[in-house]
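Here is the structure we will look at.
The values are calculated or read from the model by the stated rules, or taken from the named source; none is laboratory data. No experiment lies behind these values; they were computed from the predicted model shown. Using ideal geometry, Cβ is built from the backbone for each residue, glycine included, and neighbour counts are taken over all protein chains shown.
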Amino acid sequence: MQPRRIVILGSTGSIGTQAIDVVDGAPHLFEVVALSSGGGNLELLARQAVHTGAAAVGIAGGDPARLESLIAEAATKAGRRGYRPEIISGPDASTRIAAVPADVVLNGITGSIGLAPTLAALQAGATLALANKESLIVGGSLVKAAARDGQIVPVDSEHSAIAQCLRSGTAAEMDRLVLTASGGPFRGRSRDELHEVTPQEALAHPTWDMGVMVTTNSATLVNKGLEVIEAHLLFDIPLDRIDVVVHPQSVVHSMVQFIDGSTIAQASPPDMRLPIALGLGWPHRVAKAAPACDWTQAATWTFEPLDVKAFPAVDLAKEAARQGSTFPAVFNAANEEAVTAFHAGRIRFTDIVDTVAGVLSEHSGSSGLTVESVLDAESWARARAHERLAVSSL
């Protein structure tokens, strides 16, 4: 059997680097044919290109001539002097790389800029291993209309867990989805206690090692709100049948409750290589992709209700999803601007979600969902968020 041809978008990020680890562990199953990156770490991208032997490498920013030089240098050190991949540069580089002939495209880009690459991968016919939740959330019906049945395989640990649990029953037998949340670094704190937390505290996630945006979103629970919208779209289940429960140990990654009262949970130590491997190999599992639970050791798992007063982001995300249209895009864009302002020291932690709520309250939606209407809504939301942030700045 020939190895699956893999394209990795966002290869220098957390998802991308771990995906290369998975490929390294199963070279008989996977072959990297193309990589893309934002261009912020050209040295790492050059090493990845030489290491994987990718035929094409894309950068959205940075100097393509410098990348070419770095690749030549890395190739010489690795004894691969003749290696010369095609280099694609410019704002649409990831979109063009996503259309490279492949069996699986892993979209590990962060943010709604992943929408165009997501659509390109689907239109090219590849299986889309989706770690870029924002593209589905802001693209909504656009992405679903572009995808054939089973073409999108979730890579978020929660949605990968649900996909695994759903093997235990049919869609008609599904009653509720239960997404687990670690609770982030501020679990147990009241809203008043959250006013003065610092950016450094917000980045001290107890379980996962992620970038600034995703880690902050986990601290505000915005990330869980986005995951609720993603689950609603991926699994075609009403929002009122999706619950969030706080599980600090992050071993149970999510659950499915069936109509007969049975609940099936997926459990494993927190390690993104497992859902990444499933995304690349679906529906087959990849041996030794990640460590398993050690059932010879005592362990205690706890589950707590979400404090929606201290963390209103999940309910706010559900309301944006109920409104549909471009409301989820506005939710996401306003949040990105607010998170940036928080880390610049301009606003308080609690101002992040308050800003999102305020921008959403002013949005009127769009008559139809297109790439253009999404981009317009995002531009409006960012501008309106800036205006609000200027007023609420410390």
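In the stretch 283-299, is there at least one residue being among the polar types (S, T, N, Q), within 30 Å of A19 (Cβ to Cβ) and outside the structural domain of V374 (by TED's automatic domain parsing)?
For the stretch 283-299, residues among the polar types (S, T, N, Q), within 30 Å of A19 (Cβ to Cβ) and outside the structural domain of V374 (by TED's automatic domain parsing): present.
Could you grab me the full set of residues in the stretch 5-32 that are crowded, with 20+ Cβ neighbours inside 10 Å and in contact with a strand residue (DSSP E or B) (Cβ under 6 Å, 6 or more places away or on another chain)?
If the condition is that a residue be crowded, with 20+ Cβ neighbours inside 10 Å and in contact with a strand residue (DSSP E or B) (Cβ under 6 Å, 6 or more places away or on another chain), then I6, V7, I8, L9, S11, T12, G16, A19, V23, F30, V32 are the ones that fit.
Can you find even one residue in the stretch 279-290 that is aliphatic (A, V, I, L, M) and either under 30 Å from V353 (Cβ atoms) or assigned to a helix (DSSP H, G or I) (or both)?
Yes, the stretch 279-290 contains at least one residue that is aliphatic (A, V, I, L, M) and either under 30 Å from V353 (Cβ atoms) or assigned to a helix (DSSP H, G or I) (or both).
Confirm whether Q48 is more than 20 Å from the chain's Cα centre (by Cα), of a type outside the set (K, R) and over 23 Å from G125 (Cα atoms).
Yes.
Would you check if L203 is touching a helix residue (DSSP H, G or I) at 6+ places or on another chain (Cβ under 7 Å) and farther than 13 Å from A161 by Cβ?
Yes.
Determine if the stretch 67-81 includes at least one residue that is in the same structural domain as L122 (by TED's automatic domain parsing) and within 24 Å of the chain's Cα centre (by Cα).
Looking for residues that are in the same structural domain as L122 (by TED's automatic domain parsing) and within 24 Å of the chain's Cα centre (by Cα), one finds none in the stretch 67-81, hence no.
So which helices (runs of 4 or more DSSP H) are wholly in the stretch 294-394 and hold at least 1 residues that are over 29 Å from M255 (Cβ atoms) and at pLDDT 95 or above?
Passing ranges, in order: 327-343, 349-362, 371-392.
Here are the criteria: (1) among the β-branched types (V, I, T); (2) over 22 Å from S168 (Cα atoms); (3) in contact with a Leu (Cβ under 7 Å, 6 or more places away or on another chain). Tell me which single one I237 does not satisfy.
The single condition I237 does not satisfy is (2).
Are any residues in the stretch 47-99 aliphatic (A, V, I, L, M) and in contact with a Gly (Cβ under 7 Å, 6 or more places away or on another chain), and if so, which ones?
Listed by number, the residues that qualify are I59, A60, I88, A93, I97.
In the stretch 38-64, what count of residues is obtained for those that are touching a strand residue (DSSP E or B) at 6+ places or on another chain (Cβ under 6 Å) and either within 13 Å of D92 (Cα to Cα) or among the acidic types (D, E) (or both)?
Qualifying residue count, the stretch 38-64: 4.
Restricting to the stretch 123-141, name every residue that is hydrophobic (A, V, I, L, M, F, W, C), part of a helix (DSSP H, G or I) and either assigned by TED's automatic domain parsing to the domain that holds E336 or surrounded by fewer than 24 Cβ atoms within 10 Å (Cβ to Cβ) (or both).
The one that is hydrophobic (A, V, I, L, M, F, W, C), part of a helix (DSSP H, G or I) and either assigned by TED's automatic domain parsing to the domain that holds E336 or surrounded by fewer than 24 Cβ atoms within 10 Å (Cβ to Cβ) (or both): A124.
Based on this model, can you work out whether D243 counts as out of contact with any Asp or Glu (no Cβ under 6 Å at 6 or more places or on another chain), closer than 25 Å to I6 by Cα and not hydroxyl-bearing (S, T, Y)?
Considered against the rule, which asks whether it is out of contact with any Asp or Glu (no Cβ under 6 Å at 6 or more places or on another chain), closer than 25 Å to I6 by Cα and not hydroxyl-bearing (S, T, Y), D243 comes out as no.
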